Amino acid sequence: QVQLVESGGGLVQAGGSLRLSCAASGRTISTYTMGWFRQAPGKEREFVAAINWSGGWNNYADSVKGRFTISRDNVKNTMYLQMNSLKPEDTAVYCCAAGNTVWSVRSPRAYDYWGQGTQVTVSS
């Protein structure tokens, strides 16, 4: 079992930056694809970004491409999401996930383990 805990969320003005962390425990995440998803009130869960086990490959939603950067440190068993040029529409609960399945990394089905989420609020 893998336990995931997100941190780093908060309130920021539009144009600002935040760095989210996803700390894993229970077992190493070094063999897992990792992803970030977000869910705003009244909306469905949305894919944000994913990174493969080595960090050599990543994938972003069009809405965050060029503004967000996903990374990981397998030694620290932690994944990150650097969010720059934040917009009010980025406001959501951000959750990290880990998995190793055949599903597309953009699908929640690709992930077996999920964190509880951290709130990100961007004011205009």
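Neighbours of Thr101, meaning other residues whose beta-carbon lies under 14 angstrom from its beta-carbon, give a summed charge of +1 when Lys and Arg score +1 and Asp and Glu score -1.
With contacts taken as Cα pairs under 8 Å and at least 6 residues apart, region 31-101 reaches a relative contact order of 39 percent.
When a 1.4 Å probe is rolled over the protein heavy atoms, the share of accessible surface on the chain that falls to carbon and sulfur comes to 48 percent. Solvent-accessible surface of the chain, averaged per residue with a 1.4 angstrom probe and all protein chains in place: 51 square angstrom. Computed over neighbours whose Cβ is under 15 Å from that of Lys76, the net charge equals +1, Lys and Arg +1, Asp and Glu -1.
Please figure out what share of the DSSP beta bridges in region 1-116 is antiparallel and state it in percent, rounded to the nearest 5.
100 percent
Heavy-atom accessible surface of Val120, to the nearest 10 Å², is about 0 Å², with a 1.4 Å probe and all protein chains retained.
Neighbours of Ala40 by Cβ distance under 13 Å: Lys/Arg scored +1, Asp/Glu scored -1, total 0.
Relative contact order of region 1-58, taken over Cα pairs closer than 8 Å and 6 or more residues apart, is 27 percent.
Using the empirical formula 2.2 N^0.38 Å as the baseline, the Cα radius of gyration of region 20-124 reaches a ratio of 1.00. Modelled spin labels at Gln82 and Ala40, positioned 7 Å past Cα toward Cβ, are 2.5 nm from each other. Using C-alpha pairs below 8 Å separated by at least 6 residues, the relative contact order for the chain is 35 percent.
For region 1-70, the fraction of C-alpha pairs more than 14 angstrom apart is 68%.
The values are calculated or read from the model by the stated rules, or taken from the named source; none is laboratory data. Remember, predicted model here, so these are calculated numbers, not experimental data. Note: ideal-geometry Cβ built from the backbone for every residue, glycine included; neighbour counts use all protein chains shown. Ligands, DNA and RNA are stripped out before the accessible areas are found, and what is left, the full protein with its side chains, is counted by its heavy atoms. Shrake-Rupley method; radii C 1.70, N 1.55, O 1.52, S 1.80 Å.
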